[in-house]
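The values are calculated or read from the model by the stated rules, or taken from the named source; none is laboratory data. The structure presented is a predicted model; accordingly, all values stated were derived computationally and were not measured. Note that each Cβ is placed from the backbone with ideal geometry, even for glycine, and that neighbours are counted across all protein chains shown. Accessible surface areas use protein heavy atoms only, side chains included; no ligands, DNA or RNA. Shrake-Rupley method; radii C 1.70, N 1.55, O 1.52, S 1.80 Å.
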Amino acid sequence: MDRMEDKLDSLWAEYRQACPDPEPSANFTPQVWQRIEARRRATSSLRHWAEACVVAALSLTLLIATFLIPRYQRQPVYQLTYADVLAEADSPDYTVIITGGDTRGDTR
């Protein structure tokens, strides 16, 4: 167990040497905030463009939903169903059968 603790202590010592603590000074906090503000400015312009694209996409979607979809839904594409079309195509013309082929109305 002591061996593991010694390894851990040496690891912490190497870490402290690789990453020393910054020395606090009077300008430490303002410098930190300057770095934070610089990053915010860089990402804020990208964020504004992204928000503008989202608003444009939303307005285009509402425009399509308000004007285009109802216009296309009012006009029916088909007047008859498939069964009606088949029934009309296969129905015999009874007037020709009853009159013997003469559809003028003369029965001689």
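Can you tell me the length gained on complete extension of the stretch Ser59 to Ala26, counting 0.36 nm per residue apart and subtracting the Cα distance?
On the way: separation 33, 0.36 × 33 = 11.88 nm, distance 5.01 nm.
In short, 6.9 nm is gained.
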Each label point is 7 Å from the Cα along the Cα-to-Cβ direction; what then is the distance between the points at Leu46 and Ala87, in nm? 6.4
So, in nm, how far is label Lys7 from label Leu68 when the simple model puts each one 7 Å beyond its Cα toward the Cβ? 6.5
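Would you mind working out the accessible area per residue for segment 33-75, using a 1.4 Å probe, and quoting it in Å²? Display every interim value, and only then the final one.
On the way: 4270 Å² over 43 residues.
Per residue, segment 33-75 has an accessible area of 99 Å².
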